[in-house]
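K.L.:
One structure coming up, written as structure tokens, with questions to follow.
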Amino acid sequence: MIDKFEFLIALSREHHFGRAAEICGVTQPTLSAGIKQLEGELGVLLVSRGSRFQGFTPEGEKVLEWARRIVGDSRAMRQEVAALKRGLTGHLTISVIPTALSMVASLTTPYRARHPNVTFTILSRTSIDVQQELDNLAIDAGITYLDNEPLGKVSAIELYQESYCLLTSADSELGGHETVSWAELSHVPLCLLTRDMQNRRIIDQLLRSAGSAATPTLESNSMQVLLSHVRTGRWSSVMPSILVERQGVGQKVRSIPIVEPAVKHMVGLITPRRETQTPLVAALIAEAKRFAADGRAD
């Protein structure tokens, strides 16, 4: 039954029978047969089929919800038993919004110092991707915005508040200012994240509220690409203060706080909402709470 639930979850993630089978390490006929057997055992149609995957039936959506819960609990049980035998060991996959990537080491480094047999995969994702991957058990945890766009059924730990600054050369039009307003950015050519990123949606909304609009001269889904252009001293950008503090911007660029209004958004760790977390995730939650308590990113 657990294997068949895994098939269902993989199908919800990929929306394609062949790719779902590949993820599960089985052939497509095996995956299709497993789902049909599950339908027979439950006595309902779970998947709308045609020449390709067409979605889940209402009954399928409900079973998928239970499948995620049961598979998550099964993984937690296996990890807990393994931890009793060998100590905490295994692998954590964490998806992170681009603006928060620079602070992830503040969680993973002390985590690994306490649990040296744990390894990590860190993925750069949009906030929507983080939520979807967490729902489909493709990741163990995510780091994303908590207070700007709706989150699903997750548990959240607040990590830090994201504030914003203008990065621009000292000899630019606004380079000599101690602070700037959002309205003053109306004529500044900016390099910004792409529109699928929540950070970009936040910036666009703030500019619109100030009666202006973003005028990007360059867009990228990578903060590193934006920073590399800003560091030349010939490009400007709006970036989170925490990223500037941790990455630096070079001698040619000034970091100027943006006020009127001085906006902050909460960034935090999200994990599946369940009574019992896996030991690996529970240890990550503990690390996040220590980070937040220390106030290392205020």
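K.L.:
If you take the charge dipole of the chain about its Cα centre, with +1 on Lys and Arg Cβ and -1 on Asp and Glu Cβ, which of Tyr111, Leu207, Gln224 is farthest toward its positive end?
P.N.:
Most positive-ward Cα: Tyr111.
K.L.:
Further, regarding this structure: Using alpha carbons only, how many degrees (0 to 90, rounded to 10) separate the axis of helix 198-209 from the longest principal axis of the chain?
P.N.:
Computed tilt is about 40 degrees.
K.L.:
Still on this model: Under 5 Å between amide hydrogens, which residues at least 5 positions from Ser236 or on another chain qualify, with H placed 1.01 Å from N in the peptide plane?
P.N.:
Here Cys191 satisfy the definition.
K.L.:
On to the next question. Taking one equal scatterer on every alpha-carbon of the range 63-122, how large is log10 of I(q)/I(0) by Debye at q = 0.17, 0.26, 0.27 1/Å?
P.N.:
At q = 0.17, 0.26, 0.27 Å⁻¹ the computed log10 ratios are -0.75, -1.03, -1.05.
K.L.:
About the Cα centre of the chain, what is the dipole size in debye to 20, counting +1 per Lys and Arg Cβ and -1 per Asp and Glu Cβ, all else neutral?
P.N.:
Working: 32 positive and 32 negative charges, 143 e Å.
So the dipole magnitude of the chain works out to roughly 680 debye.
K.L.:
Let me see the pair-distance distribution of the range 1-93: every alpha carbon pair, 10 Å bin width, integer percents in order.
P.N.:
Pair shares across the bins are 16, 45, 26, 12, 2.
K.L.:
Also: Could you estimate the translational diffusion coefficient of the chain from the Stokes-Einstein equation, with Rh from the Kirkwood formula over C-alpha pairs, at 4 °C and 1.567 mPa s, in whole µm²/s?
P.N.:
Numbers: Rh = 21.3 Å.
Using the Kirkwood radius from Cα pairs, D works out to 61 µm²/s.
K.L.:
Could you tell me the center-to-center distance, by alpha carbons, between the range 21-67 and the range 251-298 in angstrom?
P.N.:
Spelled out, the Cα-based centre of one part sits 37 Å from the other.
K.L.:
For the range 173-212, what is the largest minus smallest coordinate of the Cα atoms on each principal axis, given in angstrom and ordered from greatest to least?
P.N.:
Over the range 173-212, Cα extents along the principal axes are 32, 19, 16 Å.
K.L.:
Hey, what's the range 1-99 come to in accessible area per residue, 1.4 Å probe, Å²? Intermediate values should be presented prior to the final figure.
P.N.:
Working: 5310 Å² over 99 residues.
Accessible surface, normalised per residue, equals 54 Å².
K.L.:
Can you pull out the trypsin sites (Lys or Arg not before Pro) in the range 1-89 whose DSSP state is coil and whose Cβ has at most 10 other Cβ atoms within 10 Å?
P.N.:
Listed in order of number, the matching sites are Arg52.
K.L.:
Counting only heavy atoms of protein chains, what accessible area per residue, in Å², does the range 195-298 have with a probe of 1.4 Å?
P.N.:
Accessible area per residue: 48 Å².
K.L.:
Okay, helix-only estimate at 222 nm for the chain: each DSSP H run of n ≥ 4 adds -39500 (n - 2.57), divide by all residues, round to 500 deg cm²/dmol; what do you get?
P.N.:
For the chain, the value works out to -13500 deg cm²/dmol.
K.L.:
Quantify, in whole percent, the carbon and sulfur part of the accessible surface of the range 166-273 (1.4 Å probe; protein heavy atoms only).
P.N.:
49
K.L.:
Could I ask something else about it? So what's the range 153-296 giving for Cα Rg divided by 2.2 N^0.38 Å, two decimals?
P.N.:
The value comes to 1.19.
The values are calculated or read from the model by the stated rules, or taken from the named source; none is laboratory data. Everything quoted here is computed from the prediction, not taken from an experiment. Please note: Cβ atoms are built from the backbone with ideal geometry, for glycine as well, and neighbour counts cover all protein chains shown. When the accessible area is computed, the model is the full protein with side chains, heavy atoms only, and any ligands, DNA or RNA have been set aside. Shrake-Rupley method; radii C 1.70, N 1.55, O 1.52, S 1.80 Å.
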